[in-house]
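The values are calculated or read from the model by the stated rules, or taken from the named source; none is laboratory data. This is a predicted model, so every value here is computed, not measured. For neighbour counting, all protein chains shown are included, and Cβ atoms are generated from backbone atoms with ideal geometry for every residue, glycine included.
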Amino acid sequence: MKRRVAPLLLSVFSFLVLALAQGQTALAQPARAAQAVKLSVDATDAPRKLFRATEIIPARPGPLTLYYPQWIPGEHGPTGPVINFSGLKFTAAGKPLQWRRDAVDMYAFHIEVPQGATSVEVAMEFLAPTYAGGFTSGSSTTSHLAVFSWNWILLYPSVSHTDDIMFDASLRLPAGWRYATGLTTERESRGQIEFAPASLTMLVDSPVLAGEYFRAIPLSASKPTVELDLAADSAAALEASPQFIAAMRKLVEEAKALFGAHHYDHYNFLFTLSDRVAHFGLEHHQSNDSRVAERSLIDETLGRLALGVLPHEYTHSWIGKYRRPAGLATSDFQKPMNDELLWVYEGMTEYYGNVLAARSGIWTADEYRDELASVAASLDHRPGRLWRPLIDTTIAAQLLYNAAGEWSAERRGVDFYDEGWLIWLDADTLIRQLTNGQRSLDDFCRRFYGGQSGSPALKTYTFDDVVATLNEVAPYDWRAFLNQRLYTTDFHAPLGGIERGGWRVAYDDVRSQHIEDLEDGRERVEMGYSLGLRLNTEGLIEDVIRGTPAYESKLGPGMSVVAVDGKAFTPDVLRDALKAAKSRKESMRLLVNNEGTLINYTLDYHGGEQYPHLLRDTSKPDLLSQTIAPLTK
Ligand SMILES: [Zn+2]
C-alpha cells in the first residue's frame, strides 16, 4: 500500500509563502530538480473554484514552446480546458519573460529563454468551471470536495513521449480534507502532499479525489490493494450498505478470475457523490474518476441508475488502458487520436462492465436484463441507422460526445457503447455455441487482456489482432462477422446475441423497473415505442422518432406538451390518455408550446403503452444467464 489517507494538519499558507517554500525545497534537492519538472499546486481555494500552481521546467537558453494538454486520454477528444487556463506568468534567471500564444495552435505558448537560465518558472491558475458537461472539464468542485485533474494546470515542453518526462508534483488541499489518488505519496509536511516522481503520462492519468466527507473502504485482502474511496457533499451520503460493499469486493474477485492478471500496483475507485459536479466516469490505469448523484448509495432508485459506472471504469484498467487501440495510444497530449476502434475499447468495456455488474451482484439478473432490453429496444428504433453505420459513430466520437440530445434517434450518438454490448453478447453466445460451451468470450479476455501481472503497462492492438485472438478461441469468419455489424445501414439492431442466448425483446404495457427508474431518478418519460417520442417529466420533448405517430403529426424536439386531451400535462395524464385512446376511434389531442406559440396536434394512435422486456424463449438453452453467472464462489 503506497498511498495514505490522512487529515492535513497545517493551516493555509498564502500563495507567496508557498512559492518561496517551494523554491527552498528545490534548492535542497538539486539532483532531481535538474531532471524533473517540479509542479506545485495550491488547491486550498478549490471551494471557490480557483487553483494556483507554480512549475519549474528545466530549459536551455533560446526559443522554447510549451504545451497545454489538449487530447485527454479516456475522453477520446480534444477536450483539454485551455479556456479556463489563466494567470500565466513566466520568469527565468529572476527576470519576467514575455510569452506569445501560437496563432494557430491555441494550446502552444512560445517564450525565449535568456542566456544564463537553466530553467523557466511558470505561475498559473485554473478557473474551475461550474457547467455540468464536458467530463473533467466540467464542474469538479463543491464546498466539500474536489476532483483534481493535473492536466488542468501544467505546461510541458516538446517530448518524444510523455513517458519520458518526469514530474515531481505536490498538492496543497483545504485544511482537514482527506484524499486518494492512483499516485504514490512520498511524504506530507506542512500541509503539503509530495508525490513520488511520476512520468507526465502517469501524472495526467492520476487525478486526486479530496474532500471533507471522505471514507476509504478496502476491497481486497491481498496485494495489490484495491480501495473504494468516497467523497460526498454530506456525511449521510457515505453510508454504503454492507451488501454494496460485499458486491464491490466480489467485483474485484470476479475481475481477477476473468482476466487472470492485473496491471496496477494498487487501485483506487475515486467515487464522488455530489449533485453539483458533472456526472460521468473516467478510466485510469490505477484508479477511476466516477461521479454520481449524491444519494446514489442511500437511495435504491439512484443506485440502480448510477452504480454500473464502477464495474465499467474498473474493467477499463484492462480494456482500454493496458490494451489500447494503436490510434488511441498517442505519444503526447497534442497529437490527434484515432477513435475508430472504440467499438472494442468502449464497446467491450460496456459489455464486460455490465456482465461484471451482474456477476458481482451490483445488479441483479433482472436488472441486467431490464437494462439490456431497454438498450436493445432503443437501438432497434433508431432511424439514424439507415444513414450512419456504427463505424461512423466511433470515427466521429470526438464530435458525438458533445452532440445535443434532440434528434438523437436521427443523428445517432456514441452508440458504440450500447451497440458494443449487443455485438459482444452476439460474439460471446456464438463462441459458446460453436464450442459446445467449452469456451466463451471470457477466454478471449484472458488471452487478450491478461498477460503478465505488474505495474501499469500499455500494449497496443489493431483490428487484425482482435480477429486473430477471436480465431484462437473459436475458429470462425470473425472479420466478416465484425465488419457486417460495423458497416451495415440496416434498420434493425444486432439482436442475434439475445436470441441465441435464449431470450427475445417483447413489448407490453407494463413499465420495467428500469423505465420506472429513468422517470423517478432522471425525470425521463419513455414513449419511444408507442407515440414515438421521449419527454422529460415537465413535458419537454427531447426526441421524436421518424416513422412514428408523433413524427407524422409534425411534433419535434424542443416543443413542450402543455395538455393532453384537454387536461394539463403530467406523465400520468399522458399515460391515461394512451390507455383511453386504445378503445376509441378519435385521435389524441396534444396542446403544445413551440417557442412561445401554442398549437394543437392530433395523434392517430390506439396501440396503448409499449415498453420493452426480455422474455425467455424456452426452445433454446439459456446462454444469456450463463454469460452473467459468477466465475467465483
Ligand atoms: Zn468507458
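Couple of notes before you dig in:
- Looking across segment 559-592, the residues that are of a type outside the set (A, V, I, L, M) and more than 35 Å from the chain's Cα centre (by Cα) come down to D565, G566, K567, D576, K579, K582, S583, R584, K585, E586, S587, R589.
- One residue from D366, D426, D415 being among the acidic types (D, E), closer than 22 Å to R511 by Cα and at pLDDT 95 or above: D366
One line per residue, one yes/no per condition, for (1) more than 16 Å from the ligand (Cβ to nearest atom); (2) within 30 Å of S220 (Cβ to Cβ); (3) part of a helix (DSSP H, G or I); (4) at pLDDT 50 or above:
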{"position": "P7", "(1), (2), (3), (4)": "yes, yes, no, no"}
{"position": "A31", "(1), (2), (3), (4)": "yes, no, yes, no"}
{"position": "P47", "(1), (2), (3), (4)": "yes, no, yes, yes"}
{"position": "T54", "(1), (2), (3), (4)": "yes, no, no, yes"}
{"position": "T79", "(1), (2), (3), (4)": "no, no, no, yes"}
{"position": "I83", "(1), (2), (3), (4)": "yes, no, yes, yes"}
{"position": "L88", "(1), (2), (3), (4)": "yes, no, no, yes"}
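- Subset tally (residues that are aromatic (F, W, Y), away from the ligand (no atom under 13 Å from the Cβ) and within 17 Å of the chain's Cα centre (by Cα)) for segment 304-340: 1
- Residue tally, condition closer than 28 Å to D428 by Cα, assigned to a loop (DSSP other than H, G, I, E, B) and touching a strand residue (DSSP E or B) at 6+ places or on another chain (Cβ under 8 Å), over segment 252-291: 1
- Residue count for segment 422-479, restricted to those that are hydrophobic (A, V, I, L, M, F, W, C), surrounded by fewer than 18 Cβ atoms within 10 Å (Cβ to Cβ) and touching a residue at least 60 places away in the same chain (Cβ under 8 Å): 3
- Count of segment 341-361 residues, restricted to those that are within 16 Å of the ligand (Cβ to nearest atom) and either closer than 18 Å to K459 by Cβ or assigned to a loop (DSSP other than H, G, I, E, B) (or both), is 8.
- Top-ranked residue of segment 93-108 - restricted to ones that are assigned to a strand (DSSP E or B) and out of contact with any Ser or Thr (no Cβ under 7 Å at 6 or more places or on another chain), ranked as surrounded by the most Cβ atoms within 10 Å (Cβ to Cβ): R101
- Number of positions in segment 221-265 that are more than 22 Å from T627 (Cα to Cα) and either buried (at least 23 other Cβ atoms within 10 Å of the Cβ) or at pLDDT 95 or above (or both): 24
- Selected residue (only one of L555, L578 is under 28 Å from H492 (Cα atoms) and in a loop (DSSP other than H, G, I, E, B)): L555
- Filtering segment 239-284 to residues that are among the aliphatic types (A, V, I, L, M), away from the ligand (no atom under 16 Å from the Cβ) and closer than 19 Å to S455 by Cβ leaves V252, A261.
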